[in-house]
1. Near the amide H of SER124, under 5 Å away, which other amide H atoms are found, from residues 5 or more places off or on another chain, if H is placed in the peptide plane?
2. With point charges of +1 on the Cβ of Lys and Arg and -1 on the Cβ of Asp and Glu, referenced to the Cα centre of the chain, which listed residue (PRO59, THR9, THR95) lies farthest in the positive direction of the dipole?
3. With angles folded into 0 to 90 degrees, how steeply does helix 107-118 sit against the dominant principal axis of the chain? Use alpha carbons for both and round to 10.
4. Quick one: order PHE152, PHE5 from most to least accessible surface, probe 1.4 Å.
5. Using only DSSP helix segments of four residues or longer, with each worth -39500 (n - 2.57), what per-residue ellipticity at 222 nm results for the chain after dividing by its residue count and rounding to 500?
6. About its Cα centre, how strong a charge dipole does the chain have in debye, to the nearest 20, once Lys and Arg get +1 and Asp and Glu get -1 at the Cβ?
7. Using 0.36 nm per residue of separation minus the Cα-Cα distance, give me the extension gain between THR218 and GLU108 in nm, one decimal.
8. Could you run the Karplus curve 6.51 cos²θ - 1.76 cosθ + 1.60 with θ = phi - 60° over segment 165-177 and give me ³J(HN,Hα) per residue in whole Hz, x for Gly and Pro?
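The values are calculated or read from the model by the stated rules, or taken from the named source; none is laboratory data. None of these values were measured; they are calculated from a predicted model. Neighbour counts are summed over all protein chains in view; Cβ atoms, including those assigned to glycine, are modelled from backbone coordinates with ideal geometry. Side chains included, ligands, DNA and RNA excluded: accessible areas come from the protein's heavy atoms. Shrake-Rupley method; radii C 1.70, N 1.55, O 1.52, S 1.80 Å.
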Amino acid sequence: DFMEFPPVTLSEPDGRLAVGGDLSVKRLLLAYRSGVFPWYDENAPICWWAPDPRMLFMPGGVHVSRSLLRVLRSGRFRLTADAAFGRVVQCCAETPRGGQNGTWILPEMARAYGRLFSEGHAHSVECWEGDTLAGGLYGVAIGGCFFGESMFHHRTDAGKAALAALSVHCELWGYGFIDAQMPTPHLKRMGGLEISRLAYMKLLRDGLRKQGKPGPWTLEPGWVDRLEKVREA
């Protein structure tokens with residue numbers, strides 16, 4: 001019942017900081033404000049993490065290839081925000097991932113982020129091919145910080161398209177960073193930056209002082225044009 005997290009400097013070498021608690025809206029918001037996020041599987045209690053190093057994207061910093069830009073220009077995909085949050089979470093939970101046996105997005109985790117969405121703290125970006133949900137991502141927005149939770153794709157480039165849309169909108173709306181949590185080679189190829197936990201905590205403090213975008217979110221007209229300008233800069 002203790003509503004406080006230890007200092008992130010007390011994390012174990014693998015990034016684990018605390019065990020237990022619950023997934024209430026109050027505790028989840030406190031966790032993100034404290035530089036902490038939940039991650040566990042069905043065989044473990046709730047675990048809270050503050051890894052060092054950390055991976056993040058600077059707004060507008062997602063790498064967009066020429067081929068991806070052509071796909072976005074072609075109209076093959078239609079991008080939306082906050083239009084199918086629950087379906088995005090479900091797809092993230094059900095999509096197989098290399099090197100992982102099962103999912104950490106358990107039913108209680110999905111319900112918890114559903115509550116965050118209902119209260120305006122969580123958001124999704126959807127990538128549609130016709131009427132099919134081809135890819136997407138979701139996360140939590142607090143102040144000027146976006147904390148990415150998971151991403152999926154069922155069609156080539158659909159997940160990248162959702163991340164590109166999120167990146168350019170975080171830049172347009174004045175967000176300080178997009179937290180990608182654990183460093184991975186795939187995220188690094190997309191433009192993710194590996195930084196120390198100390199540097200992350202400074203960015204977090206600065207970002208929490210900013211005013212974020214109130215929900216529900218909708219994507220801005222002409223955002224692909226902005227994406228092209230960022231790429232050419």
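1. ASP82
2. Farthest towards the positive end: PRO59.
3. That helix lies at roughly 70 degrees to the long axis.
4. On the way: PHE152 5, PHE5 30 Å².
Ranked from most to least accessible, the order is PHE5, PHE152.
5. Here the helix-only value at 222 nm equals -10500 deg cm²/dmol.
6. So the dipole magnitude of the chain works out to roughly 700 debye.
7. Taking THR218 through GLU108 to full extension adds about 36.9 nm, to one decimal.
8. Each residue of segment 165-177 in turn: 5, 4, 4, 5, 6, 5, 5, 4, 8, x, 6, x, 6 Hz.
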